[in-house]
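What follows draws every value from the coordinates through simple rules; no lab data is involved. Remember, it's a predicted structure, so these values are computed and weren't measured experimentally. Every residue, glycine among them, receives a Cβ derived from its backbone with ideal geometry; neighbour counts consider all protein chains shown.
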Amino acid sequence: METIKKFNEHVMATYGRFDLVLEKGKNQQATDENGKKYIDFGSGIGTNSLGYCNDDWVEAVCNQVKSMQHTSNYYYTKVQSEFAEKLCEATGYDKVFFGNSGAEANECAIKLARKYSFDKYGKGRHNIITLTNSFHGRTLCTLSATGQDSFHNYFFPFVEGFINVETNNIEDLKSKIDSSVCAVMFEFVQGEGGVIPLEKSFVNAIFDICKEKDIITIADEVQTGMGRTGAVLTSKLYDVTPDLTTLAKGLAGGIPIGACLANEKYSNVLTAGTHGSTFGGNPIACAGGNVVLDKIMNAEFISEIGKKSEYIINKLKNISEIEKIDGLGLMLGLQLKTKKSVDVVKEALEKGLLILTAKEKARLLPPLTISYEEIDRAIEILNSILK
Ligand SMILES: *Cc1c(COP(=O)(O)O)cnc(C)c1O
């Protein structure tokens, strides 16, 4: 209680927190200040992709801390060069810009898209289409991009130049794309919006129209990227190649990082002085990212994600309180019949299981390393709450 009291006295109350003080973790389990253990099906909102303190990750990160923690981007570091090369090879992109969060990754993509359009077409072609129910971050610009009215309060004036298209509505998309539009930005699976995958036909429509009109496609894979859905990038599952892809959450295994990837056509739009970040590409984050990528690029590791997903879904199907299961891979949203998801989160916590909500749904984002035994125990707990 001491910690919670101190916390609330000195930390701004921007989050509705649960009464739980976490102290440490190992692999897929967290331990609170009283020594109680929790199976983790939230992974710090999809960031701890390899769980807590994975041995290989700890070794790489600690070695980096001991040799050099930061340099600024006025100099080169080997670890950033290696991570950038590995990331581009793994994703098929040409170049990357590193920041420290999802919002920053999206800011970079937005700036890049507008600059490309300005350089080629001049002023006035700056609008970016985003989707209803999307989430792109908490900075003023990415809040403006976010397609949910509930986020557009208090902070006026918001950044201009975002047009919302109704998710999965091809007619609405066609009617709003005009000569003022330079980019379309979307999540393949809307995460914060409630774990809602886009329809394949809608995604195809975005790519067809954008190609025809030299409009940039921006995939916000901050939550869906880096193995979360069972592929390195979710764009592979949809069989499309966005011009820009943004990454963050799971990219460095729990160290702050963000990345904006660009294909060759867009890889030289941002030039010296047009964009930057003091911490971006920090050596410690890159060292963590290298280990995450090494694991994900292992074919067996990545195929296990799909198998675990199927295993979880098949077990959840037997719980009658669950109306519907949405999502891809290890990013799942459970629509409940009668229970409120936040109450389920609280009950699960008492029983030693950490899960999340997404809108009215319960959300599961376990570490990609979750074991079948831990899945069994987690589902037993969920079953005992939902039966
Ligand atoms: C979490 C999230 C963001 C914002 O990331 P931050 O690191 O909190 O800035 C942006 N887009 C999507 C899809 C996200 O899930």
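Karplus-derived 3J(HN,Hα) values for region 289-296, using 6.51 cos²θ - 1.76 cosθ + 1.60 with θ = phi - 60°, are x, 4, 5, 4, 5, 4, 5, 5 Hz; glycine and proline are entered as x. Residues I370, I355 in ascending order of nearby Cβ atoms (within 10 Å, fewest first): I370, I355. Of all DSSP-defined beta bridges confined to the chain, some 65% are antiparallel rather than parallel.
Remark: H275, H70 ranked as H70, H275, counting other beta-carbon atoms within 10 Å and listing the fewest first. A helix-only calculation puts the chain at -11500 deg cm²/dmol for mean residue ellipticity at 222 nm, using -39500 (n - 2.57) for each DSSP H run of at least four residues, averaged over all residues. Per-residue 3J(HN,Hα) values for region 212-222, derived from phi via the Karplus relation 6.51 cos²θ - 1.76 cosθ + 1.60 with θ = phi - 60°, read 5, 10, 6, 9, 7, 9, 10, 9, 7, 9, 4 Hz in sequence order (x marks Gly and Pro). Share of antiparallel DSSP beta bridges in region 68-296, in percent to the nearest 5? DSSP beta bridges in region 68-296 are roughly 40 percent antiparallel. Compactness ratio for region 216-314: Cα radius of gyration over 2.2 N^0.38 Å (N = residue count) comes to 1.18. For the chain, the longest principal axis of the Cα atoms and the long axis of helix 78-91 meet at an angle of about 90 degrees.
With all pairs of different C-alpha atoms in the average, the Kirkwood value for the hydrodynamic radius of region 17-172 is 19.6 Å. With neighbours defined as other Cβ atoms within 10 Å of a residue's Cβ, the residues S201, S267 order from fewest to most as S201, S267. Kirkwood analysis of the chain, using all unique Cα-Cα pairs, places the hydrodynamic radius at 21.6 Å.
A Cβ-based charge dipole, computed about the Cα centre of region 68-296 with Lys and Arg at +1 and Asp and Glu at -1, lands at about 420 debye. When both region 1-68 and region 254-316 are represented by their alpha-carbon centers, they are found 20 Å apart.
Each residue of region 330-337 was assigned a 3J(HN,Hα) from its phi angle through the Karplus curve 6.51 cos²θ - 1.76 cosθ + 1.60 (θ = phi - 60°); the sequence is 9, 10, 10, x, 10, 7, 9, 6 Hz, with glycine and proline shown as x. Between the helical axis of 299-316 and the longest alpha-carbon principal axis of the chain there is an angle of about 60 degrees. Classification of region 255-304 by its C-alpha gyration tensor yields an oblate form. The axis ratio a/c (a ≥ b ≥ c) is 1.5 or more, and b/c is at least a/b. Relative contact order for the chain: 23 percent, from Cα pairs under 8 Å spaced at least 6 residues apart, divided by residue count.
Modelled this way, with points 7 Å down the Cα-to-C-beta line, the labels at K26 and N153 are 4.5 nm from one another.
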